[in-house]
1. Which trypsin sites (Lys or Arg not before Pro) in region 254-333 sit in a loop by DSSP (not H, G, I, E or B) and have at most 15 other Cβ atoms within 10 Å of their own Cβ?
2. Exposure proxy check: M127, M47, M23 ranked by fewest other beta carbons within 10 Å?
3. Taking the dipole about the Cα centre of the chain, with the C-beta of Lys and Arg at +1 and of Asp and Glu at -1, give me whichever of I258, I115, S304 is farthest to the positive side.
4. Modelled label-to-label distance, S313 and R105, 7 Å Cα→beta-carbon offset: nm?
5. Just want the answer: with Cβ charges of +1 for Lys and Arg and -1 for Asp and Glu, which residue in H180, L165, M47 is farthest toward the dipole's positive end in the chain?
6. Once Lys and Arg get +1 and Asp and Glu get -1 on their Cβ, which of V15, F219, N143 lies farthest toward the positive end of the dipole of the chain?
7. Filter the chymotrypsin sites (Phe, Trp or Tyr not before Pro) in region 219-320 to those in DSSP coil with at most 11 other Cβ atoms within 10 Å of their Cβ, and list the result.
8. Which loop chymotrypsin sites (Phe, Trp or Tyr not before Pro) in region 95-193, with loop taken from DSSP, have no more than 16 other Cβ atoms within 10 angstrom of their Cβ?
Amino acid sequence: MGQITSLFVHKVVDVAAPVSSGMVERRRQLFQSVGVDPDAPVDPKLMVDDTAYYDLCRTVAQDGDIGASLTVKVGSSMRCDDYGAFGLAWKSAVDLHGSFQRAARYARVLTSVSIYEVLKESGNYFMMLHREGPRTLGLRLSNEQTIVAVTQISREVSTNGFVPLAVHFKHSEPDDISAHEAYFGCPVHFGSDRDAIQVSKEALRTPNRLGDPSISRFFDAHLEKELSELENDLGLDKRVRIQVSQALSEGIPTLSEIGTRLGMSARTLQRRLSDQGLSFQTLVDESRRQLAERLLTESKYSLSEIAFLTGFSEQSAFTRAFKRWAGKTPRSYRLASPS
């Protein structure tokens, strides 16, 4: 089970039951539903179970008039200072590219379920959010909150404002996206192949308001210490599966190729997986299965296209493998999945 900083719990509760509303008992119930002391101060280092947090988001979104605007209200309430040392490192980075790189490096101090990546693809730049798990309503809401929050603190630090070129979500479009479009001020694509913010090269290189190399190095050192105190290789299996999933459309990746993507040799990756009782081949199979299941339930790709995207040269081979994984054919699995 993964963990998410309780900071977001406080933000969700503040939207659902503001202090000024006098809904004291409602606030207490919401905090207690995820195991957070209602009377304790906000502590970004205090973690909650990811599934409990997703359930909280779902409950709040389905209760009352908040609905689809929940994600924008929660994400846009974030400020750099809310995140502690992580937020200060983000703020003091020289430019937005440096801020994004710190998220990619240090997000583990705030969550074990999200991985960030700064990706250049065909001349386009993306701030990618990777998060595994069934695309439940709660997880979809959490992903939207995160993308909004990254946009919000980018606007906070950039000297030239910040408007994305586009925003992408893997999940299907909710009934009302007016709050999303108004907030982002750019095209918002649902049913995409990624959860990401597309940014211009100019925006990445725009100086931050309080960018200072010496201060940035100080907070980097502080966060490096926090990382070293976490369990070694926390979420290594998740990072491997994400990299495998990204590589599958070009064929089955090798241990060496995934090691290179993760910044380590094949021997080091093999050793670290072995130390955790993990098998690279098993992770590859799990990645292919999870990607296939997601594409079958969340996309309109044909079976032959899904076979290609999951690393199979022929649809028949994909069908045999999927039947071995799931006990039914891809077509039967798609038909049985909720629409």
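Taken together, the values in this text are just the output of simple stated rules run on the coordinates, not laboratory data. In this text, all values refer to a predicted model and were calculated from it rather than measured experimentally. Here the Cβ is made from the backbone with ideal geometry for all residues, glycine too, and neighbour counts use every protein chain on show.
1. Taking region 254-333 and a limit of 15 other Cβ atoms within 10 Å, the loop trypsin sites (Lys or Arg not before Pro) found are K300, K328.
2. M23, M47, M127
3. S304
4. 4.2
5. Of the candidates, L165 comes out farthest on the positive side.
6. Among V15, F219, N143, the one farthest towards the positive end of the dipole of the chain is N143.
7. The qualifying sites: there are none.
8. For chymotrypsin sites (Phe, Trp or Tyr not before Pro) across region 95-193 that sit outside H, G, I, E and B with at most 16 neighbouring Cβ atoms in 10 Å, the list reads F190.
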